[in-house]
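The values are calculated or read from the model by the stated rules, or taken from the named source; none is laboratory data. Only a predicted model underlies this, so the values are computations on that prediction, with no experimental measurement involved. Cβ: placed from backbone, ideal geometry, glycine included. Neighbour counts: every protein chain shown.
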Amino acid sequence: MRYAIYFTPPAHDPLTLAASQWLGRSAFSGEATDMPAVRGIGLHDIAYNTAIPRRSGFHATLKAPFRLASGITESMLLRHLMRFAGAHDPFELPLLEVGRLGNYYGLMAMRPCEQMRHLACSVVQEFDVFRAPLSDDELERCDPGDLSAPQFANLYRWGNAYVMDEYRFHMTLTGPMAQKDMPRFELALRDYFDPYLTKPVEVANLALFVEDEPGAPFLVHSLHPMGRVAARKIA
């Protein structure tokens, strides 16, 4: 079993529902969803190009998937995550937009968000003691030969190349795409998601996702509200 610490809006948030429909699966229920009818793109095209993020579910990575270290139990992880979340105040992200990261698309903030960067770095550091070291096979699957020197160092130190100064907040919406398909997918993604991106998204919880066995889809195990109880805004 592997665990991951992510951010995702609540299950019934309109953005979560829209993203789950786009990806074809809800990470909360684990159930398949009917993909949307999108002008200019067939359902088979959407299904093919969302296969990778569909398995992971709609999220932004804070602590990438990890196996528990020796002597660590799920209950220990849950208790620490609950305390950690309660010690960090909720905040709003800048407005999100559909953007391109290399050869795939996701939702990204229109401007840098120092609060999110700080939260992501804190999660990576705080929960590293709960993480078993990557195996040789896991390291090989990360394709370290394509990484920059800082990314390579992050991979070996933290189990994820894209942390600390390399961290970029994003919520993945496609897998790697052929260059020829990108223009029409970008247009379709903007048409579909822009109505849900008119107000800031609140980061008010940390989500624990689980992968029951290798290759299984990730599911939301639990949401952990941020901030002191009296200060929390209940969605």
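Selection of the stretch 107-135 for residues being in contact with a Ser or Thr (Cβ under 9 Å, 6 or more places away or on another chain) and over 17 Å from PRO200 (Cβ atoms) yields ALA120, ALA132.
Within the stretch 171-188, residues that are under 24 Å from THR8 (Cα atoms) and assigned to a helix (DSSP H, G or I) reach partners that are among the hydrophobic types (A, V, I, L, M, F, W, C) and at pLDDT 95 or above with beta carbons closer than 8 Å, at six or more positions or on different chains, in the pairs GLU186/VAL98. Selection of helices (runs of 4 or more DSSP H) fully inside the stretch 1-100 by the criterion of at least 2 residues being free of Cβ contacts under 8 Å to residues at least 12 places away in the same chain returns 43-49, 74-86.
Pairs meeting the criteria (first residue in the stretch 197-212 and in contact (Cβ under 8 Å) with a residue 60 or more places away in the chain, second residue surrounded by fewer than 19 Cβ atoms within 10 Å (Cβ to Cβ) and among the acidic types (Asp, Glu), beta carbons under 6 Å, at least 6 apart or on different chains) are PRO200/GLU92; GLU202/GLU92. The single condition from (1) farther than 29 Å from SER75 by Cβ; (2) at pLDDT below 95 that GLY159 fails is (1). Taking residues in the stretch 112-123 that are within 14 Å of GLU92 (Cβ to Cβ), and partners anywhere that are outside any helix (DSSP H, G or I) and aliphatic (A, V, I, L, M), the pairs with Cβ atoms closer than 6 Å and at least 6 places apart or on different chains are CYS113/LEU93.
In this structure, does ARG54 turn out to be of a type in the set (D, E, K, R), buried (at least 19 other Cβ atoms within 10 Å of the Cβ) and under 14 Å from the mean Cα position of the chain (by Cα)? The answer is yes for ARG54.
Which condition from (1) part of a helix (DSSP H, G or I); (2) within 22 Å of TYR6 (Cβ to Cβ); (3) without any contact (Cβ under 8 Å) to a residue 24 or more places away in the chain is the one that PHE193 breaks? (3) is the only condition that PHE193 fails. State whether one or more residues within the stretch 202-214 are among the aromatic types (Phe, Trp, Tyr), surrounded by 14 or more Cβ atoms within 10 Å (Cβ to Cβ) and under 29 Å from SER70 (Cα atoms). Yes, that holds for at least one residue.
Only one of the listed residues (LEU43, LEU62) is at pLDDT below 95 and not basic (Lys, Arg). That residue is LEU43. Of all residues in the stretch 48-68, those satisfying the criterion of being over 21 Å from LEU101 (Cβ atoms) and of a type in the set (A, V, I, L, M, F, W, C) are PHE66, LEU68.
Can we say MET108 is within 26 Å of PRO195 (Cβ to Cβ), out of contact with any Pro (no Cβ under 6 Å at 6 or more places or on another chain) and not in a helix (DSSP H, G or I)? Answer is yes for this residue.
Checking each residue in the stretch 196-210 for being closer than 29 Å to LEU81 by Cβ and in a loop (DSSP other than H, G, I, E, B) picks out LEU197, LYS199, PRO200, VAL201, ALA204.
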